Amino acid sequence: MSVLTKPQPGQAGPKIDRHADAYQHCMVGIRKYWSSDLYKQVLKEIRADRTESEIEASTPEQLERDSQKYTTYQYFSWLEHQLQQYKYLGRYGVVTELSKQAPQLAELLDSAASRSPERLKLNPDIVPPTYYTRADFHQHPGGIWSDDYDAFAYELAAGISGQVYPTQDSAGTSYRNLAKLCEERYHPKDVLDVGCGFGLSALPFKSETAATRVVGCDLSAPALKLSHMRALEAELEIEFRQDSAEELATFQDAEFDLVNSVALFHEIPQKAARKFLRSAHRVLKPGGKFVVADLYRQPGGSLTHMFYLGSCSRNREPFMRSFIALDMVAELEDAGFKDVEIEWFDSATAGAPVPTGINEGSHLNGWSLITATK
Ligand SMILES: C[S@@+](CC[C@H](N)C(=O)[O-])C[C@H]1O[C@@H](n2cnc3c(N)ncnc32)[C@H](O)[C@@H]1O
């Protein structure tokens, strides 16, 4: 089976020829080598030079700095950065390929936008913050907001990464598991998914929960148009709005039972995160739940965090370090929330036991689940 699992049967999308498919297969193969064999070798070299207690006594920053001397770690770092570049911009990279299909892909989204248009509320006057437009997050050239084909490129790139990381599976199991967990715990009726991207985190709230109203919002118009198209294809009635997490300006006070946000906090600066916390609190009904799944705390102490911190720079995630530096319990309480809990969420299986140490077999960035009540 092709590694390029998007579009799925029944979904419209880009055409990927055999050259591009083979190319991405190769990238995934190298990425798997990087995340397993090479990673294990780096661990071995670090441990050869110090005891486990010395490792634990070091800060992740110290370990990261000291590990720069190992050729294997230098190679590991270089490869992490370059593979992402190749994935997007190599001869058959995702952006290289999809930019050639830009007019057809724009037509697909425009045609979907004309169906049930009341469910897609774009705001051409919205001015995205400069932190959003200046950085090419996770090395996506030009960001996921500048052209319609970028939304498809993001969807395809996420599917390819999902072939490597079990916690980010491309079939969306992790997202369905998160929605199921929310259903089991909270039975929400009105749900808002903030930073919904191309719809992966919003759609399961309609398919896996008994929610009567699900709304997704994001800054990226192309991503919202693709979300709308995917929801129509799946026959799920979801509304999508262009709005910022900081303002949630198009939403009334106390509209939702549950506000969900997956993988957004690590992409915004601290000031924006604090504004988002206050807006989320405002749009929740009293007793409503705020559910955040993001790259925050990781099991495995300094050694895991060393790789994680290194990734922030290698994979161009300018705000990941400042996000993990936030004390989310204190921040949520400051914004008016109570009952804050932070737990490890094994998104691939949901409910798996919390790992106690570093993942020995492969490099893994997992999700923390942060929940709070208004
Ligand atoms: C890493 S993606 C996650 C998308 C989706 N939740 C998922 O897990 O597939 C982050 C999303 O947040 C959006 N975003 C970033 N900053 C935002 C902001 N200030 N307000 C609203 N959306 C934002 C981006 O456009 C992007 O779609």
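Here are the numbers for the structure shown:
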{"read-out": "Average accessible surface area per residue within region 63-135, 1.4 Å rolling probe, Å²", "value": "56"}
{"read-out": "Choice from Arg47, Arg213, Arg241 with maximal GNM fluctuation in the chain (Cα, 10 Å cutoff)", "value": "Arg47"}
{"read-out": "Of every Cα-Cα pair in region 21-84, the percent that sits beyond 13 Å", "value": "66"}
{"read-out": "Long pairs among Lys180/Lys289; Lys121/Lys206; Lys15/Lys206; Lys275/Lys374, criterion Cα-Cα beyond 21 Å", "value": "Lys15/Lys206"}
{"read-out": "Cross-link reach list, lysines versus Lys44, counting only Cα pairs under 23 Å and skipping chain neighbours closer than eight places", "value": "Lys32, Lys69"}
{"read-out": "Ratio Rg/Rh [Cα only; Rh per Kirkwood] for region 15-374", "value": "0.96"}
{"read-out": "Proximal charge balance of Lys374 [Cβ under 14 Å; K/R count +1, D/E count -1]", "value": "-2"}
{"read-out": "Region 19-177 - percent of accessible surface contributed by carbon and sulfur, probe 1.4 Å", "value": "53"}
{"read-out": "Convex hull volume per residue for region 202-327, taking Cα atoms only, in Å³", "value": "134"}
{"read-out": "Electrostatic dipole magnitude of the chain [Cβ: Lys, Arg +1; Asp, Glu -1; Cα centre; debye, to 20]", "value": "440"}
{"read-out": "Probe 1.4 Å, accessible area per residue of region 274-374, Å²", "value": "37"}
{"read-out": "Charge-dipole axis of the chain as Lys and Arg at +1 and Asp and Glu at -1 on Cβ define it, positive-most pick from Ala151, Tyr88, Gly197", "value": "Tyr88"}
{"read-out": "Net charge, Lys180 excluded, C-beta distance under 13 Å - Lys, Arg +1, Asp, Glu -1", "value": "0"}
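The values are calculated or read from the model by the stated rules, or taken from the named source; none is laboratory data. Quantities reported herein were computed from a predicted structural model and do not represent experimental measurements. We place every Cβ from the backbone using ideal geometry, glycine too, and count neighbours over all the protein chains shown. Calculation scope for accessible area: heavy atoms of the full protein, side chains included, ligands and nucleic acids excluded. Shrake-Rupley method; radii C 1.70, N 1.55, O 1.52, S 1.80 Å.
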